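Quick note: the coordinates plus some simple rules give every number you see, no bench work behind them. None of these values were measured; they are calculated from a predicted model. FYI the Cβ positions are ideal-geometry reconstructions off the backbone, even for glycines, and counts take in every protein chain you see.
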């Protein structure tokens, strides 16, 4: 199982019928490594697969049902946030 999705998150997505999220989580292609998202091959990803961008900036495509790690995240608390700020 992927570290950034808790058992509670997975149960919620199962109840909600969010096969899109579950398929990605269960593919085990990405993991949460401290304050970084990376592939199982060790490549750091610059963004979450559920983070998209439009003319106004970045937005989470699963915001209403995002995992607990995202709900608890404080902007600026890791190296990920500054990367997105410079890409706007």
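Extending 7 Å from Cα along the Cβ direction at residue 65 and again at residue 40 yields two label points whose distance is 2.3 nm.
Cβ crowding within 10 Å, taken as a proxy for footprinting-reagent exposure, orders 15, 61 from fewest neighbours to most as 15, 61.
By other beta-carbon atoms within 10 Å, ranking 6, 72 with the fewest at the front produces 72, 6.
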